[in-house]
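Chemist: What follows is a structure written as structure tokens; I'll ask about it next.
Read the figures in this text as sums done on the coordinates, not as results from a lab. What you are looking at is a predicted structure, and each value in this text was computed from that prediction instead of being measured. Every residue, glycine among them, receives a Cβ derived from its backbone with ideal geometry; neighbour counts consider all protein chains shown.
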Amino acid sequence: MSDHEMKLILLGTGTAIPSGDRASPSLVLLMEGGPVLFDMGPGTLRRLAELGIPFDRISQVCFTHFHPDHTADLVHFLFATRHPPILEHRKPFRIIGPRGLQDFLRGIQKAYGHWLDLPPELLEIEELDVRNPEMRSYGNFRLSTQPAKHTPHSLAYRIENRQGRSFVYSGDTGFCDEIVILARDTDLLILECSFPDGQGVEGHLTPSLAGEIAQQARAKRLVLLHFYPEVLATDITGDCRKTFQGELILGRDLLHLTV
């Protein structure tokens, strides 16, 4: 990998439905200064351990929304961080998410009592607007967001490094212009693909709808993930090819990607 490229690993490409092959949604961006996580579904920390990526080096966690299949390992993450040998050397880290993140964290901390409490200087919480685009800079990368069509508190993320290379991660979303705008001319577009063509569900994408977003956005590469069993039983590639003719990758757990 050159200094101009970013390295991504898909940690979980499944959904809320348990699978022996696919953990729930999560991906990790390997960056100077510490890995950055996007979503933290069940199985995320175990996948990191498989890869030899220490969970206590995570510098930032970005949540797309608050559904359990995207957030459940946050409980494990906070609890493990309290382990005294971890606390002795843990550097401060940041959790980013849609407006409502503070209330969400207070809720799980109330449920578990002091077992999730961390020293206040260790954890920074940053909430992002869920109605309008946002842009933030974090030294070696820039983060942009757009509202996603899933819940009232859903965001999609675009990450761009200092050399101008970019990827977009939709989280869960239905078809919407906001994702097209966010993904315009991106090097890598990572979209959910939950249900088969002809069996679409509100707030989610089918293969052909995902392809249509990528086509309209002029994305250079398209990665599909967040597969429910119903869509895995169909010709995902064939249906996506109805609307998108660029490079297509069907995501799988532990797939390494460069951007």
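Chemist: Please indicate, with yes or no, whether at least one residue in segment 52-68 is surrounded by 15 or more Cβ atoms within 10 Å (Cβ to Cβ), acidic (Asp, Glu) and closer than 28 Å to Pro85 by Cα.
Modeler: Quick first cut of segment 52-68, residues surrounded by 15 or more Cβ atoms within 10 Å (Cβ to Cβ) only: 53, 55-56, 58-67.
Now restrict to residues that are acidic (Asp, Glu): 56.
Keeping just the survivors that are closer than 28 Å to Pro85 by Cα gives 56.
Within segment 52-68 (the criterion being surrounded by 15 or more Cβ atoms within 10 Å (Cβ to Cβ), acidic (Asp, Glu) and closer than 28 Å to Pro85 by Cα), the answer is yes, since at least one residue qualifies.
Chemist: Let me ask another. Being of a type in the set (Asp, Glu) and either free of Cβ contacts under 8 Å to residues at least 40 places away in the same chain or touching a Leu at 6+ places or on another chain (Cβ under 6 Å) (or both): is that true of Asp172 here?
Modeler: Here the answer is no, as Asp172 does not meet what is asked.
Chemist: Conditions first: (1) in contact with a strand residue (DSSP E or B) (Cβ under 8 Å, 6 or more places away or on another chain); (2) in contact (Cβ under 8 Å) with a residue 24 or more places away in the chain. Asn132 passes all but one, so which condition is the exception?
Modeler: Every condition holds for Asn132 apart from (2).
Chemist: Pick out, from segment 132-199, the strands (runs of 3 or more DSSP E) lying fully within it that include 3 or more residues that are crowded, with 17+ Cβ neighbours inside 10 Å.
Modeler: In segment 132-199, the matching strands (runs of 3 or more DSSP E) lie at 141-147, 155-161, 166-169, 188-192.
Chemist: Still on this structure, please answer the following. Can you tell me which residues in segment 69-84 are within 22 Å of Ser170 (Cα to Cα) and either over 11 Å from the mean Cα position of the chain (by Cα) or surrounded by fewer than 21 Cβ atoms within 10 Å (Cβ to Cβ) (or both)?
Modeler: Residues satisfying the conditions are Asp69, Ala72, Asp73, Leu74.
Chemist: Over 24 Å from Ile9 (Cβ atoms), touching a residue at least 12 places away in the same chain (Cβ under 8 Å) and of a type outside the set (Lys, Arg): is that true of Glu192 in this structure?
Modeler: Criteria not met by Glu192.
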